[in-house]
Amino acid sequence: MTEKPPKPPKRPPIRLRDKHQDEVRQKIQVSQLINRLQKYVAGELTDDDVTPGRLEAIKILLRKALPDLSSVEMSGNGQGITLIIKDLTGHKGA
């Protein structure tokens, strides 16, 4: 009987970059907030489940995590560029 050659040692699992892990974690958290809001709008959650304080907290977190919808207009006359940014969300700013 011939002996089997020894197996190479197992390598540790490949680790994602820390930055990538943070990005994935943030996307999961944002999607959970959006899912909760969708359930509330669809009537699956009651006012007791989503209090005004929670709604405000979700709003603040989403504002930090997702870009606001805005319109950007660029114009120039040869001496410089003018940038006009219009907020389409109706958000007054913090």
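Values in this text are rule-based calculations from the coordinates and carry no lab data. As the structure is a computational prediction, the values presented were derived from the model and not from experiment. All Cβ positions, even for glycine, are placed from backbone atoms using ideal geometry, and neighbour counts span all protein chains on display.
One line per residue, one yes/no per condition, for (1) assigned to a helix (DSSP H, G or I); (2) of a type outside the set (Asp, Glu); (3) in contact (Cβ under 8 Å) with a residue 12 or more places away in the chain:
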| residue | (1), (2), (3) |
| --- | --- |
| GLU3 | no, no, no |
| VAL24 | yes, yes, no |
| LEU33 | yes, yes, yes |
| GLN38 | yes, yes, no |
| GLU44 | no, no, no |
Would you confirm, using the coordinates I've provided, whether LYS10 is among the basic types (Lys, Arg), closer than 26 Å to ALA65 by Cβ and free of Cβ contacts under 8 Å to residues at least 60 places away in the same chain? no
